[in-house]
Amino acid sequence: MSKYTLSLARVFFACVLSLWACLAGAESLNRVVAVVDDDIVLQSELDGLIEQYQRNLQNQRIESPPYSVLEKRALDQLISESIQLQMASRVGIRVSDTQLNQTLNSIAERNNMSLEQFQRALTADGLSFEAAREKFRREMIISRTQQRVVDTRVRVTEKEVSDYLESSASRESSGQEYRLAHILLASGEEDPEAKLLEKAEEIRAQVKAGADFSELAARFSNASTAMQGGDLGWRKADQLPSLFAAVVPDLGPGDVSKPLVNSSGVHLVAMLEKRGGSSKLVRQVKARHILIQVTEVRDESQAEAFIQKLYGQLQSGEDFAQLAKAYSDDAVSASNGGQMDWLSPGETVPEFDERIMSAAPEALISPFRTQYGWHVAQVLEVREADIGKQLQEGQARQVLHRRKYEEELQAWLSEIRDEAYVQIKL
């Protein structure tokens, strides 16, 4: 063999080794780390979420827990999301580009940004706008799936409403707000309740001795807020989970509750700040709407197209009441031409509440989506009103529903994880 031929052979062999190394690296990056029913979780997804956790903690100046803790939290989250997204796919829950764009515009507006400024802010956080769009789409689908299932599990009785109105919590709900942080030590076969209680007491003692609650949350909490240092944000008394409601009003800034136990595990809640007072007047609106639901015979795109058609008819001057009676899927209001009783802030789901509370009287509100389906709405009147007994009962029912919803959500997430086929390949 000539030296020239030998040199070519060596070059060829080197290229083959280089190509093999690149392919091996790509395979390593995208190897399957978990099988979840009919879906898989890739190493690249896991690495991306871990990096996101690390950025969040760094931005909040919280010391990052060990990599093994981040990896477990991230994998648990991806598995839970996969289960829920597969459930959503089976029942036909979708988020269209129109709905997604409306949500992104709303988020930008709430942060006093234009959509372009919002895109730049996402890029500064290391997330492309397209990646952010898909992230928000996934979150919206998961949220709708949760609402669709968990809402049916929540029941509020008249006695619960009456008891709540007589409690001190209802007097606090009009204005007092709390900024809270939370640690959940999830129950399981490996950690019996007694062991979790002992661990919770140790964490509480560390906080009393001066340890940072947010760093302990990032390290030990099994809650979805762990990588935000357990921060639950500002909440009124009527937005507290039932388990917290009895203890939070008595906590002072810097205090940590005693361990609280329910079916999800053992909880610690910390009071970061308090603010606010009471308010007796509320802005109420009288509105009417037409609801078009997604059903087995009408998918998401058909429901959206139908509501857009009705909106066009209303803009052309057709009678709102007649269209509501003929087509609305809200049987209660449809019989009254789509008209509802006086509504106060917080009495309806957030998407509906946001639209009607900011609309001017007589203005036609363009189609929008809630967990119940597609709506077109119109505000008829606006007034300032004292909080009366009827309003208080409605608010109490909403409060109790929200509290039970959070507890039922955690229970449901545990159930679907137990029922799913999950094979971890790490």
| query | What's the exposure ranking of Ile62, Ile290, going from fewest to most Cβ atoms within 10 Å? | reply | Ile62, Ile290
| task | Based on other C-beta atoms within 10 Å, arrange Met227, Met87 from fewest to most. | result | Met87, Met227
| request: Give the calculated FRET efficiency between Ser242 and Asp299 to the nearest 0.05, with a Förster radius of 30 Å applied to their Cβ-Cβ distance. | output: 0.25
| said: I want to verify a result. In a Gaussian network model of the chain, Cα cutoff 10 Å, which of these has the top mean-square fluctuation: Leu46, Leu115, Leu268? | reply: Leu115
| remark: In the list [x] 43.7; [y] 28.9; [z] 21.7, the entry giving mean projected area of the Cα convex hull in nm² computed from the coordinates is [y]
| What's the center-to-center distance, using Cα atoms, between segment 207-247 and segment 100-122 in Å? | 28
| Label points 7 Å out from Cα along the Cβ direction at Glu318 and Glu130: separation in nm? | 3.9
| Rounded to the nearest 500 deg cm²/dmol, what is the calculated helix-only ellipticity per residue at 222 nm for the chain, with -39500 (n - 2.57) per DSSP H run of length n ≥ 4? | -17000 deg cm²/dmol
| remark: Quick calc: nm separation of the 7 Å Cα→Cβ label points for Asp47 and Arg155 -> 5.1
| Neighbour-count order for Ser167, Ser128, Ser344, fewest beta carbons within 10 angstrom listed first | Ser128, Ser167, Ser344
| What are the DSSP H helices in the chain that stretch 18 Å or more along their long axis, judged by alpha-carbon atoms, and whose average Kyte-Doolittle hydropathy comes to at least 0.5? | 3-29
| query | Which residues make up the longest stretch of the chain that has no trypsin sites (Lys or Arg not before Pro) in a DSSP loop with at most 11 other Cβ atoms within 10 Å? | reply | 281-424
| field | Among Val256, Val35, Val399: highest mean-square fluctuation, GNM of the chain, C-alpha pairs under 10 Å | value | Val35
| Where Lys and Arg each count +1 and Asp and Glu each count -1, what net charge lies around Leu197 among other residues with Cβ under 14 Å from its Cβ? | -1
| message | Taking 25 Å as R0, compute the FRET efficiency from the Cβ-Cβ separation of Arg138 and Asn105 and round it to 0.05. | response | 0.85
| Unit charges on C-beta of K, R, D, E only; dipole of the chain, Debye | 700
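Each reported figure results from applying straightforward, stated rules to the coordinates on display, with no laboratory input. A quick note: this is a predicted structure, and the numbers were derived from the prediction, not measured. In this analysis, Cβ positions are derived from the backbone assuming ideal geometry, glycine residues included, and neighbour counts consider all displayed protein chains.
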